[in-house]
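Worksheet: one structure, shown below.
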Amino acid sequence: MKNNSPTQKFYIYEKIKKKLKESKKRIIVSVTNDLVTDQRVHKISTTLTEMGFKVTLVGRKLRNSLPLKRNYQTVRMKLIFPRGGLFYAEYNIRLFLFLLYTKSDILLSNDLDTLLANYLASKIKGNKLVYDSHEYFTGVPEIANRPFVKKTWENIERWIFPKLETAYTVNNSISELYKTKHNKKIGIIRNISTKLTNKTTKTRNDLGLPSNKNIIILQGSGINVDRGAEEAVKAMQNVSNALFLIIGSGDVIDSLSQMVIDLKLEDKVWILGKLPFNELMEYTQNADLGLTLDKDTNINYRYSLPNKVFDYIQAGIPVLASNLVEVANIVKSYNIGEVIDNHEPETIAQKITEMLTNQEKRLLWKSNLKIASEELCWENESLKLKQIYQELC
């Protein structure tokens, strides 16, 4: 798209939307999760629906999956194998058959674990294929010490990635990694939150939270190993007059629950589990500080830019972050919080205490958060997404 004025862009998008509705272009979006907490995929699917596409989002259904209601079609497959190599094999076979026998014009593959099925189906059907890489998949810690598994994913990526005509990822650092690895520059659509226009109507009392304590929150669907959650819990031993909320799911939730009991922190740390996004943000808006503490233990975490950073910004709460490239850049450039240099529980506790008690800085952060929330929002970021799909059509 040429560098048009906002009025011209609006006219172009409205014209495209009308044409898409008339042509009923179908797009199938696929992921390996249960759809409920994947806000990136929900935002993109909603934007595509608003553009006039007929969207079908495909994932899986787990035993503990929450109910799902969306303004586009969703399909959640019940699988025999819940995890591991057999899960990925079963899911990709099932997904391939679904894609093959379901009418579509465009296939949107999210992450490497859905790419094989999408690529094969697109070749057979002649559909256009779009690839959205949420992370540097072959650098995730879960496969770092599993050479056969890592080699399998590397081979799939090496075979398909250079053939992709339309692909994008979540930040510049990962885009540069793909450029170095495959000599292919791909686009950037950051995982930025939508503007929080519906401010909370629930008070702390409504949510069962204490009104006389500071509230600290760590949220996300990937509270896993090396994400700093364990150190944050231990840090609460040295933080006064505060309650630490952990809301979400992940590999370390059970061990965190046991740690809270072992350290006798039941009054200081509450683990609430997974919540629908709107309910989650009620808690976030009532918090005083948001944590994002991923460690630089692997290339994927090193260049991550978690969605919770933007959730905190939209909720208007300062951020305490680990010193990772993309996250630290946001926190420092907008001056909306602090960055730690190590993950020692004592360091985290000291920084939390300073951030909760320094009223002058808190006023400055609050002011800067208002600016950041206006600039770093999906309403702005989605313009780049619309351009990509406009060019496809």
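The values are calculated or read from the model by the stated rules, or taken from the named source; none is laboratory data. It should be emphasised that the depicted structure is a prediction, and the values quoted were computed from it without experimental measurement. Note: ideal-geometry Cβ built from the backbone for every residue, glycine included; neighbour counts use all protein chains shown. Surface accessibility is based on the protein's heavy atoms, side chains included, excluding ligands, DNA and RNA. Shrake-Rupley method; radii C 1.70, N 1.55, O 1.52, S 1.80 Å.
Could you work out the relative contact order of the chain, using alpha carbon pairs under 8 angstrom and six or more residues apart, expressed as a whole percent?
Values: 649 pairs, mean separation 53.1, N = 393.
14 percent.
Exceeding 20 Å between C-alpha atoms, which entries from my cross-link table qualify? They are 24/103; 54/274; 123/163; 125/386; 125/184. The pairs that break the limit, which is 20 Å between Cα atoms, are 54/274; 125/386; 125/184. In straight-distance terms, cross-link reach from residue 295 covers every one of the lysines whose alpha-carbon lies under 20 Å from its own, apart from those fewer than eight places away in the same chain; here that gives 234, 308, 332, 351.
Karplus-based coupling profile of region 271-281, in residue order and whole Hz: 10, 9, x, 7, 10, x, 4, 4, 5, 4, 5, with θ = phi - 60° in 6.51 cos²θ - 1.76 cosθ + 1.60 and x standing for Gly or Pro.
Could you size up the charge dipole of the chain around its Cα centre, putting +1 on the beta carbon of Lys and Arg and -1 on that of Asp and Glu, and report it in debye to the nearest 20?
2140
So how tilted is helix 6-23 from the main axis of the chain? Cα-based, degrees 0 to 90, rounded to 10. Around 60 degrees separate the two axes. Between 218, 325, 80, the Cα set farthest toward the positive side of the dipole of the chain (charges on each charged residue's Cβ, about the Cα centre) is that of 80. Normalised by the number of residues in region 243-356, the mean separation of alpha-carbon contacts (under 8 Å, six or more apart) gives a relative contact order of 19 percent. Close amide H contacts of residue 225 (hydrogens built in the peptide plane, cut-off under 5 Å, sequence separation of 5 or more or a different chain): 251, 252.
Label positions at residue 387 and residue 159, each projected 7 Å from the Cα along the C-beta direction, are separated by 3.4 nm.
Find the accessible area per residue for region 51-144; the probe is 1.4 Å, ligands and nucleic acids are left out, and the unit is Å².
Values: 4470 Å² over 94 residues.
Roughly 48 Å² per residue, with all protein chains present.
For residue 29, the residues whose modelled amide H falls within less than 5 Å of its own, excluding neighbours fewer than 5 places apart on the same chain, are 56, 57, 58, 108. Ligands, DNA and RNA are left out, and with a 1.4 angstrom probe the accessible area of region 263-393 is 43 Å² per residue. Of 69, 234, 199, the residue with the greatest mean-square motion in the GNM of the chain, using alpha carbon springs below 10 Å, is 69.
Round to a whole number: what % of the accessible area of the chain belongs to carbon and sulfur, probe 1.4 Å? Write out the running numbers ahead of the final one.
Details: 9290 of 18610 Å².
Solvent-exposed carbon and sulfur of the chain make up 50 percent of the total.
Using a cutoff of 8 angstrom between alpha carbon atoms and counting only pairs six or more residues apart, the relative contact order for region 233-301 works out to 34 percent.
Computed 3J(HN,Hα) for region 285-300, one whole-Hz value per residue from the Karplus formula 6.51 cos²θ - 1.76 cosθ + 1.60 where θ = phi - 60°, is 5, 8, 8, 9, 7, x, 10, 9, 10, 4, 9, 8, 9, 7, 5, 5, glycine and proline marked x. Extents of region 20-116, taken as max minus min of Cα coordinates on every principal axis and listed largest first, are 41, 27, 19 Å. Just so you know, the Rg over Rh for the chain is 0.97, from Cα atoms, with Rh as the Kirkwood radius. Each residue of region 132-147 was assigned a 3J(HN,Hα) from its phi angle through the Karplus curve 6.51 cos²θ - 1.76 cosθ + 1.60 (θ = phi - 60°); the sequence is 10, 9, 6, 7, 7, 4, 6, x, 5, x, 4, 10, 4, 9, 10, x Hz, with glycine and proline shown as x.
Label positions at residue 253 and residue 77, each projected 7 Å from the Cα along the C-beta direction, are separated by 2.4 nm.
What's the magnitude of the charge dipole for region 229-300 around its Cα centre, counting Lys and Arg as +1 and Asp and Glu as -1 at the beta-carbon? Answer in Debye, nearest 20. Before the final figure, lay out each step's value.
On the way: 5 positive and 12 negative charges, 19 e Å.
Magnitude of the dipole: close to 100 debye.
Between the listed residues 252, 358, 292, the Cα displaced farthest toward the positive end of the dipole of region 246-393, a dipole computed from Cβ unit charges relative to the Cα centre, is found at 358. Modelled spin-label separation between residue 329 and residue 203, with each label point placed 7 Å from Cα along the Cα-to-Cβ direction: 4.3 nm.
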